[in-house]
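See structure below.
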Amino acid sequence: FQDSQLKVVYSEQMSDDLLSSCCKMSDLMSEKITIVEDLFKSREPVPEMKAIYFMSPTAKCVDAFIADFKTKPKYKAAYVYFTDYCPDDLFNNMKLYCAKYIRVCKEINMCFMPQEAQVFTFDNPGAFQSIYSPNSQDKKKTLETLADQLVTLCATLDEADLVSQLTTHLSPQGKTQAQLLIVERGFDPVSPILHELTYQAMAYDLIDIQNDTYKYKGKDGSEKQAVLNEEDMLWVRLRHKHIAEVSDCVFSYLKCVTKKHVIAFSFQITISNLAQMMKKMPSFRKQITEKTVHLQLAEDCMQHYSNNVEKLCKAEQDLAVGSDVEGVKVKDPMRTLLPVLLHPYSTHDKIRAVLLYIFSLSGTTDENLSKLIQHVKIEEEREYILNWKELGVPIITSPSFFSRKPSRRDRSQEQTYNLSRWTPVIKDVMEDAVENKLDTKEWPHQSECPAAWNGSGAVSARQKHKASAQDERRTGSRLIIFVLGGICFSEMRSAYEVTQAVKSCEVIIGSSHILTPTSLLDDIKALSKRPMEILTIDERSNA
């Protein structure tokens with residue numbers, strides 16, 4: 001667009017979210033794009049303007065596009081960008097009715113959401129029901145769609161070899177600079193059920209955060225909200241820290257801001273007296289506000305922690321790890337579970353504890369499970385527990401049944417908090433993959449480990465400047481992990497931790513969606529419902 005005419009971008013929801021995650025309005029403004037509107041909303045014609053259409057290649061989107069030009073053109077010209085491959089019938093319809101107005105029509109093949117620097121999703125929570133429900137009518141179609149989206153991810157990351165392997169299903173002929181691993185949600189049922197005490201995971205578990213937006217009340221009683229994303233640099237620095245460290249870090253950043261501008265204060269920093277500080281330095285109100293959001297959120301998390309979570313965590317960790325803080329093996333998990341069941345915790349918390357108990361034993365007897373269900377008083381909601389079998393997780397076993405648990409890495413020498421001893425299974429997988437130690441029996445289709453992972457450092461012929469460690473990783477080797485059926489925040493954190501430790505490899509993790517303990521339990525419970533029942537529930541919740 002070399003001329004000075006204004007441009008307009010129109011997008012449906014999925015494309016709008018993708019656009020928002022990749023660039024700010026200021027970036028669009030610099031390209032002379034002054035308006036961003038919804039494709040499906042009523043819009044006034046602007047015949048002197050050119051319009052950029054950024055949309056998914058669906059009949060609904062294409063029909064809306066055609067309606068803009070078929071009778072009376074709303075715009076001077078159209079530049080169409082599809083997030084994925086456009087079917088021939090839709091393309092031919094566009095050509096039939098709008099050919100003379102279309103200046104560009106491209107498929108950019110980017111039908112995934114870059115959620116964070118090292119996390120992607122396909123923004124499809126419904127995939128869980130489609131894949132795991134015994135009543136699913138579209139499992140094959142869903143898996144094919146996810147596979148297509150995974151191909152676009154690899155293509156976008158410039159991993160041509162991986163795309164070739166995915167599309168031809170052949171073993172690689174030579175070394176690739178990336179490795180792709182695909183696992184099902186049932187491979188680790190423990191991680192998404194535990195109460196996590198790192199900031200991001202804890203906040204999304206205990207606080208009602210919708211669409212990454214934290215809503216809270218200011219000290220003056222006014223309603224406030226903050227978006228927790230990559231643009232909030234303090235959030236990026238804090239999100240993987242243990243909650244015990246978060247408040248101290250926020251205080252440190254606040255002191256840096258005030259010290260930098262020679263503002264002396266003799267009082268302790270608290271949320272209530274920060275208003276006084278902002279009056280003294282109004283030009284730095286934004287910096288202070290960003291930091292006080294995290295003081296408030298951390299305070300909210302700690303309130304929940306001190307009320308209930310702290311007492312729950314010891315039992316949960318002992319059941320998950322199989323030993324106590326001193327390393328003594330838990331010989332009778334029921335003795336660990338019983339105090340939780342006898343305490344007036346919420347039903348959801350008790351269900352989570354019961355599940356951890358069952359997972360620790362690789363299943364329990366029918367009789368024992370019935371007693372537990374009666375004790376928790378979920379006779380009418382037993383699907384919360386029973387439906388885990390649809391993920392391949394053993395729930396009911398006979399007394400003679402023997403299940404071999406996968407061996408775990410020895411982390412006894414690692415420094416951890418007493419109530420955060422569990423390590424997600426996916427972190428073992430990441431480390432084994434990077435060290436080329438994956439068991440070929442369990443991972444029969446793995447490609448050869450990239451050379452750069454074995455201590456030779458990242459390899460890149462594209463660097464024209466002195467690159468940072470992050471830049472080197474992005475142009476070097478990658479481990480891409482896709483979890484079928486949702487990822488939790490502790491698994492996302494693992495990708496950053498392994499990347500930081502290895503340095504010669506960037507670990508990227510993704511899934512159909514990101515889950516919380518509550519959303520996962522709700523999805524598990526709904527697995528046994530008929531499609532019509534699920535539809536009715538969704539309609540009510542959206543009403």
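Just a few scattered comments:
- Each peptide in 83-96, 44-57, 421-434 was scored by the mean count of other Cβ atoms within 10 Å over its residues; highest first, the order is 421-434, 44-57, 83-96.
- Each Lys or Arg adds one and each Asp or Glu takes one away; over the other residues whose Cβ falls under 12 Å from the Cβ of Ser306, this sums to -2.
- Spatial separation of Cα centroids for region 340-400 and region 45-74, in angstrom: 53
- Cα centroid separation, region 95-109 to region 406-423 (Å): 55
- For region 195-217, the residues whose backbone nitrogen is under 18 Å from a point 7 Å from the Cα of Leu234, taken along Cα to Cβ, are 199-201, 203-204, 213-217.
- Summarising the label geometry, the points placed 7 Å from Cα in the beta-carbon direction at Asn92 and Ser407 lie 5.9 nm from one another.
- Between Lys329 and Glu299, the FRET efficiency estimated from the beta carbon spacing at R0 = 25 angstrom works out to 0.10.
- Simple spin-label estimate for Asp220 and Gln415 gives 4.3 nm between the two label positions (7 Å along the Cα-to-Cβ direction from each Cα).
- Net +/- balance of residues flanking Arg352 in space, Cβ distance below 12 Å, scoring K and R +1, D and E -1: -3
- Computed E for Asp138/Thr518 - FRET, C-beta separation, R0 35 angstrom, nearest 0.05: 0.90
- Placing dummy labels 7 Å off each Cα toward the beta-carbon, the span from Asp212 to Leu338 is 4.7 nm.
- Across Lys224/Lys291; Lys329/Lys389; Lys329/Lys377; Lys314/Lys427; Lys41/Lys100; Lys41/Lys72, pairs whose alpha-carbon gap is larger than 20 Å: Lys329/Lys389; Lys329/Lys377; Lys314/Lys427; Lys41/Lys100
- FRET E, pair Ser26, Ala67, Förster distance 45 Å, beta-carbon r, rounded to 0.05: 0.90
Bear in mind that the values in this text are calculations on the coordinates, not laboratory data. Quantities reported herein were computed from a predicted structural model and do not represent experimental measurements. FYI the Cβ positions are ideal-geometry reconstructions off the backbone, even for glycines, and counts take in every protein chain you see.
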